Amino acid sequence: MPYRRFQHRWWRHILLFLLTVATTTDVGISYYLNFLSDLGTRAVHLDWVIARHGLVYSAAVLGILGAHEMGHYLACRYYNLDATLPFFLPFPLLSVSGTLGAVIKIKEPFPTRKALFDIAVAGPLAGFAVLVPLLLYAVHRSTLVPATGPMPPGTIMFGEPLLFQFMAWVKCGTVGEQWRLNLHPIGFAAWFGMLATAWNLLPFGQLDGGHLSFATLGDRSRFLSFATVTASIGMCFVSKSWIVMTVMMLAMLYFFGPRHPQVMNEYEPLGRGRRVIAVLAVVLFVLCFTPVPIDVVS
């Protein structure tokens, strides 16, 4: 029987998606309660309207992640490269997003450098295209509330990527210490999308950034992989939120080695257009990156 491409076990995709909807909706409800209470300064009671808003947060964060992975998937379809549909990953406990993200599995080797480049860059570009209007909407709906004192111990603080800082400055100008930004919950979905974009664009191994660096630099990209994981280990001493990413990269380094899998036609030139897009990917990384993604007030 001939091998059939793009065969999916739909029940797995649907089950994981529904579980992720549940966990992200739960997190979204807590964000909406915090937003409506002006950062906990007034009492708000949980009702079905707030639960519905939690589902809106879920749609936003899964829309960003789904766009990212569908960018990869559709590029695979364009190159007739067998791949799965996205697997969404629920994260129900101690989560700031309700999900660990989403992944697809590419089942065949990349045929050319151009195919590798296009499939790798399609995800971050698609996810970024979705998160920007959501972030604009969230910042527009956000409000300033008076700061009643220092943040209590245990408060989770989110790092602010350059893109978020710029949009917040356009909305509110320079905010003094006597004010705090009460971010609309969809802004947290966009924030997680920026974090996922930045971490995926790290030039390491099997990450999108690793694919892009191999497509542009060839085998020399392994030096970037070593530098990236070394820097990530160092960042763990700056912020514990880097530990998960560092462990994942070390596991990839152990199981797959430092070299990127070869493509079937590795000598194919990329051309000027794709190199310009590679520079654009670096710009996206800078806009979405924050050195301390999550911090806790001590």
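The values are calculated or read from the model by the stated rules, or taken from the named source; none is laboratory data. Since we're looking at a predicted model, the values are computed, not measured. Neighbour counts are summed over all protein chains in view; Cβ atoms, including those assigned to glycine, are modelled from backbone coordinates with ideal geometry.
I'd like the full set of residues that are in a loop (DSSP other than H, G, I, E, B) and either at pLDDT 95 or above or under 16 Å from F214 (Cβ atoms) (or both), limited to segment 264-288. Reasoning before the result, please.
Of all residues in segment 264-288, those in a loop (DSSP other than H, G, I, E, B) come to 264, 266-271.
Answer for segment 264-288, where residues must be in a loop (DSSP other than H, G, I, E, B) and either at pLDDT 95 or above or under 16 Å from F214 (Cβ atoms) (or both): M264, E266, Y267, E268, P269, L270.
Looking at segment 68-96, which of its residues are within 19 Å of T25 (Cβ to Cβ) and surrounded by fewer than 22 Cβ atoms within 10 Å (Cβ to Cβ)? Selection gives F87, L89, P90, F91, P92, L93, L94, S95, V96.
Within segment 92-107, track down each residue that is of a type in the set (A, V, I, L, M), assigned to a strand (DSSP E or B) and touching a residue at least 12 places away in the same chain (Cβ under 8 Å).
The initial filter retains those residues of segment 92-107 that are of a type in the set (A, V, I, L, M), namely 93-94, 96, 100, 102-104, 106.
From the residues that got through so far, the ones that are assigned to a strand (DSSP E or B) too are 100, 102-103, 106.
Of everything in segment 92-107, those that are of a type in the set (A, V, I, L, M), assigned to a strand (DSSP E or B) and touching a residue at least 12 places away in the same chain (Cβ under 8 Å) turn out to be A102, V103, I106.
The residue that is farthest from the chain's Cα centre (by Cα), among those in segment 226-249 that are at pLDDT below 90 and surrounded by 15 or more Cβ atoms within 10 Å (Cβ to Cβ), is S239.
Output the residues belonging to segment 115-126 that are crowded, with 24+ Cβ neighbours inside 10 Å, farther than 15 Å from L202 by Cβ and either aromatic (F, W, Y) or within 12 Å of the chain's Cα centre (by Cα) (or both).
Just the residues of segment 115-126 that are crowded, with 24+ Cβ neighbours inside 10 Å, to begin with: 116-117, 119-121, 123-124.
Within this subset, residues satisfying the condition of being farther than 15 Å from L202 by Cβ are 116-117, 119.
Correct list: F117 only.
The residue pairs whose first member lies in segment 23-46 and is touching a residue at least 24 places away in the same chain (Cβ under 8 Å), whose second member is part of a loop (DSSP other than H, G, I, E, B) and of a type in the set (F, W, Y), and whose beta carbons are closer than 7 Å, counting only pairs six or more residues apart or on different chains, are T23/F91.
Of the residues making up segment 126-147, just one is touching a Lys or Arg at 6+ places or on another chain (Cβ under 9 Å) and of a type in the set (S, T, Y), namely S142.
Would you mind stating whether G123 is within 21 Å of G210 (Cβ to Cβ), touching a residue at least 60 places away in the same chain (Cβ under 8 Å) and part of a strand (DSSP E or B)? Break it down stepwise before answering.
On the way: within 21 Å of G210 (Cβ to Cβ): yes; touching a residue at least 60 places away in the same chain (Cβ under 8 Å): yes; part of a strand (DSSP E or B): no.
For G123, the condition - within 21 Å of G210 (Cβ to Cβ), touching a residue at least 60 places away in the same chain (Cβ under 8 Å) and part of a strand (DSSP E or B) - is not met.
No other residue among F223, F256 is of a type in the set (F, W, Y) and either free of Cβ contacts under 8 Å to residues at least 24 places away in the same chain or touching a strand residue (DSSP E or B) at 6+ places or on another chain (Cβ under 8 Å) (or both) apart from F223.
Applying a threshold of 9 Å to beta carbon distances and a minimum spacing of six or more residues, or different chains, the list of pairs starting in segment 193-214 at a residue that is under 16 Å from L250 (Cβ atoms) and free of Cβ contacts under 8 Å to residues at least 24 places away in the same chain and ending at one that is assigned to a loop (DSSP other than H, G, I, E, B) and of a type in the set (D, E) is empty. Picking from residues in segment 259-298 that are touching a residue at least 40 places away in the same chain (Cβ under 8 Å) and among the charged types (D, E, K, R), the one that is nearest to A190 (Cα to Cα) is D295.
Look at V263 and say whether it is of a type in the set (A, V, I, L, M, F, W, C) and surrounded by fewer than 17 Cβ atoms within 10 Å (Cβ to Cβ).
Details: of a type in the set (A, V, I, L, M, F, W, C): yes; surrounded by fewer than 17 Cβ atoms within 10 Å (Cβ to Cβ): no.
No, not satisfied.
If you go through segment 14-53 and pick out every residue that is surrounded by fewer than 17 Cβ atoms within 10 Å (Cβ to Cβ) and assigned to a loop (DSSP other than H, G, I, E, B), you end up with 10. Suppose we filter segment 48-72 for residues that are at pLDDT 95 or above and of a type in the set (F, W, Y); how many remain? Qualifying residue count for the region: 1.
When segment 228-239 is filtered for residues that are in contact (Cβ under 8 Å) with a residue 12 or more places away in the chain and in a helix (DSSP H, G or I), the ones remaining, listed by number, are T228, V229, S232, I233, M235. Looking at F110, is it buried (at least 21 other Cβ atoms within 10 Å of the Cβ), in a loop (DSSP other than H, G, I, E, B) and either in contact with an Asp or Glu (Cβ under 7 Å, 6 or more places away or on another chain) or of a type outside the set (A, V, I, L, M) (or both)? For F110, the condition - buried (at least 21 other Cβ atoms within 10 Å of the Cβ), in a loop (DSSP other than H, G, I, E, B) and either in contact with an Asp or Glu (Cβ under 7 Å, 6 or more places away or on another chain) or of a type outside the set (A, V, I, L, M) (or both) - is met. Among the residues of segment 250-257, at least one is farther than 22 Å from E160 by Cβ and surrounded by 15 or more Cβ atoms within 10 Å (Cβ to Cβ).
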